[in-house]
Structures are given as C-alpha cells and as structure tokens.
1. Classify region 83-177 as rounded, prolate or oblate from the Cα gyration tensor: take a ≥ b ≥ c as the square roots of its eigenvalues, call it rounded if a/c is under 1.5, otherwise prolate when a/b beats b/c and oblate if not.
2. Compute the signed sum of charges (Lys and Arg +1, Asp and Glu -1) over the other residues within less than 10 Å, Cβ to Cβ, of I64.
3. Compare A115, A78, A157 in a GNM of the chain, Cα atoms joined below 10 Å, and give the one with the largest fluctuation.
4. Quick one: plug the Kirkwood hydrodynamic radius of the chain (C-alpha pairs) into Stokes-Einstein at 10 °C, 1.306 mPa s, and report D in µm²/s.
5. Among I132, A163, P97, whose Cα projects farthest towards the positive end of the dipole of the chain, with charges put on the beta-carbon of Lys, Arg (+1) and Asp, Glu (-1)?
6. Explain nothing, just the number: relative contact order of region 59-177, from Cα pairs under 8 Å at least 6 residues apart, as a whole percent.
7. Where the accessible area of region 8-167 is counted over protein heavy atoms with a 1.4 Å probe, how much of it, in %, is carbon and sulfur?
8. If you line up the long axis of helix 18-41 against the longest principal axis of the chain, both from Cα atoms, how many degrees apart are they, to the nearest 10?
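The values are calculated or read from the model by the stated rules, or taken from the named source; none is laboratory data. Since the structure is predicted, the reported quantities are computational estimates derived from the model, not experimental observations. Neighbour counts run over all protein chains shown; Cβ positions are idealised from the backbone, glycine included. Heavy atoms of the whole protein, side chains included, go into the accessibility calculation; ligands, DNA and RNA do not. Shrake-Rupley method; radii C 1.70, N 1.55, O 1.52, S 1.80 Å.
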Amino acid sequence: MTHPKGCSPECAFEGVDPISMEVVLQFRRLSHLRRQLLMRVIPIPGGHPAQLECLRMLGEHEDITQRDLAAILHLSPATLTTMLQRIERKGLVERWPDPKDQRLMRIRLSEAGWAVRDRIMVAFRDHLEATITPLPEADRRELSRLLKQVADHFGEALGAMVAKGQLPETPSHVRDV
C-alpha cells in the first residue's frame with residue numbers, strides 16, 4: 001500500500017480514533033523493545049526472537065511432537081521445521097521419530113538448550129521486574145483488567161468474522177488460546 005507523501009503508515013487507518021491508534025502503536029513499540037532485549041540478552045548467532053520463544057516453550061513441553069509445538073507457536077509445520085533445523089544445528093534441541101508413530105517427530109531441549117532456556121527465563125523475569133513490577137499494584141491490576149478486556153474483544157471480533165464467513169476457520173496448525 002502506498003501512502004500520501006509525508007504520511008506515515010499509521011495515518012492510513014482513516015477514521016480510527018487517535019487514542020486507539022496510539023494504543024496500537026504502543027503495543028507495537030513494546031513488542032519491538034521486547035525482541036531487542038531478548039536478542040541482546042540471549043544472542044544466538046543468526047538467531048531470531050521466534051527461536052527463543054520456541055526454546056522457552058520446549059522447556060514447558062518436554063518430548064512434544066513437532067505438530068503440537070507448531071500449533072502452540074502458531075506456525076506452519078514447514079516454518080517450524082526450518083526453525084528447528086537451525087537451532088538443532090546449534091546443538092540446542094534434539095529431534096527423533098516417535099517410537100509409536102514414525103510419521104511424528106518428537107523434540108526436546110538438549111543440555112545446551114536448557115542453559116539457553118534458563119537464560120531466557122531470567123531475562124523474562126528481569127524484564128518484568130524492570131517494567132511491570134515498578135507500577136503501583138492498583139495500576140498493575142487495572143492494566144491487567146484492561147488488557148484482558150482488549151483480548152476478550154479481539155476474540156469476540158475474530159469469532160464474529162469467522163461466523164460471518166469473513167475469515168476461515170482456525171487453520172489446523174493454529175491452536176486457539
């Protein structure tokens with residue numbers, strides 16, 4: 001999409017309430033800063049923030065199938081396969097065929113993967129301690145309530161769009177939260 005000269009991509013949302021747009025921009029900014037933090041704290045040469053999320057989730061789901069991990073991460077199986085091949089070459093994960101169903105691949109963290117995952121968890125904790133915890137308790141409760149409300153509205157809107165046929169049903173590689 002092209003934008004009028006001097007117009008940022010944000011102004012392309014004609015008719016959107018400026019405060020709502022500011023909320024979206026702050027979400028985007030927070031996401032960007034979180035990725036920067038993670039990639040600086042846990043540098044994986046040639047890595048990507050999604051690889052760190054993959055390692056974090058593998059720590060919560062030992063010996064998971066590749067199919068189930070793709071669903072949890074909202075990735076296509078092909079995308080996850082490529083990601084796993086990259087982090088497997090770095091010695092962070094181990095993959096093997098499921099003994100009961102050779103069509104399935106199982107995955108777990110290697111010893112080196114657990115070390116990286118531990119660093120990820122420390123970085124998440126430190127990130128929360130530096131960003132959310134300093135807010136007064138009442139503000140944290142209100143922020144949580146508001147974010148839950150936004151997520152609920154988003155889920156309702158998504159469901160309505162699916163019901164109207166504006167969006168397809170949930171793809172098989174995506175698991176609803």
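1. On the way: a/c = 3.69, a/b = 1.20, b/c = 3.09.
Taking the square roots of the gyration eigenvalues as a ≥ b ≥ c, region 83-177 is oblate.
2. Net charge in that neighbourhood comes out at -1.
3. A157
4. 83 µm²/s
5. P97
6. Rounded, it is 32 percent for region 59-177.
7. The nonpolar share, carbon plus sulfur, comes to 59 percent.
8. So the inclination is approximately 30 degrees.
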